[in-house]
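The values are calculated or read from the model by the stated rules, or taken from the named source; none is laboratory data. All figures in this text were calculated on a predicted structure; none of them were measured in a lab. Ideal geometry is used to build each Cβ from the backbone, glycine not excepted, and the neighbour counts take in all protein chains shown.
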Amino acid sequence: MESAISGLKRHKLINLEKLATLRPEMLAPLIRPAGFYNLKAKRLCSVIDWLAARNGITGLKRIPTRRLRKQLLACPGIGPETADSILLYALERPVFVIDAYTRRILSRHGFITGNEDYDSVQQLFQENLPRSVPLYNEFHALLVRLAKTHCRTKPICHGCPLA
Ligand code: SF4
């Protein structure tokens, strides 16, 4: 993903107006390192059109969180994790992002069974933490870090801060 973004930066395309001029077949080779690039290019173009029709990030800032989340989820290829990442990181809305790392850590510590749906796991955080963008941001980043350093597929509990 990072090299796909670097490719877009190299071509000076990290800009909504410029991206909106690209068709999927023009975008696909530029994001090739991301894998499934043809499908991703199609989906990205439709998200770019969706975003351009709303006047970009400035326009999104005027839409209430719940309504915006629904709209994001209606875009092809955008699931709850992506929608919430956009809401939290790009728009600074207090929405907790749930990913596979979070589920892994929570289930290993008995907070969830692992079969819960996305919204139930999200509620667990949102009902037990203050609604705070910096807190959600850092909490999620720390869970990701923990999953990469200790709570890997095969956990390294020795030395883990949660041990
Ligand atoms: S690695 Fe850490 S977070 Fe994962 S199960 Fe062991 S103690 Fe818990």
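Pairs under 8 Å by beta carbon, first residue under 18 Å from residue 82 (Cβ atoms) in the range 13-41, partner buried (at least 18 other Cβ atoms within 10 Å of the Cβ) and charged (D, E, K, R), six or more apart or different chains?
Final answer for the pair search is 31/40; 34/40.
Taking the criterion of being at pLDDT below 95 and in contact with a helix residue (DSSP H, G or I) (Cβ under 8 Å, 6 or more places away or on another chain), would at least one residue in the range 120-135 satisfy it?
The answer is no, given that none of the residues of the range 120-135 is at pLDDT below 95 and in contact with a helix residue (DSSP H, G or I) (Cβ under 8 Å, 6 or more places away or on another chain).
Which residue pairs have Cβ atoms closer than 7 Å, lie 6 or more positions apart in sequence or on different chains, and pair a first residue in the range 151-162 that is within 15 Å of residue 100 (Cβ to Cβ) with a second residue that is more than 6 Å from the ligand (Cβ to nearest atom)?
151/104
Among the numbered criteria (1) under 28 Å from residue 134 (Cβ atoms); (2) surrounded by 19 or more Cβ atoms within 10 Å (Cβ to Cβ), which single criterion is violated by residue 66?
(2)
Would you mind telling me which numbered condition in (1) assigned by TED's automatic domain parsing to the domain that holds residue 141; (2) surrounded by fewer than 17 Cβ atoms within 10 Å (Cβ to Cβ); (3) away from the ligand (no atom under 16 Å from the Cβ) residue 122 fails?
Status for residue 122: all satisfied but (2).
Give the residues of the range 1-45 that are among the basic types (Lys, Arg) and on the phi > 0 side of the Ramachandran plot, sorted by residue number.
Within the range 1-45, 12 is the sole residue that qualifies.
So, in the range 142-163, exactly how many residues are surrounded by 11 or more Cβ atoms within 10 Å (Cβ to Cβ) and either closer than 22 Å to residue 84 by Cβ or within 21 Å of the chain's Cα centre (by Cα) (or both)?
9
Which of the residues spanning the range 10-63 are in contact with a Phe, Trp or Tyr (Cβ under 8 Å, 6 or more places away or on another chain) and either surrounded by 13 or more Cβ atoms within 10 Å (Cβ to Cβ) or under 24 Å from residue 92 (Cα atoms) (or both)? Working first, answer last.
Taking the range 10-63 as the starting set, the residues that turn out to be in contact with a Phe, Trp or Tyr (Cβ under 8 Å, 6 or more places away or on another chain) are 28-29, 31.
Passing the criteria: 28, 31.
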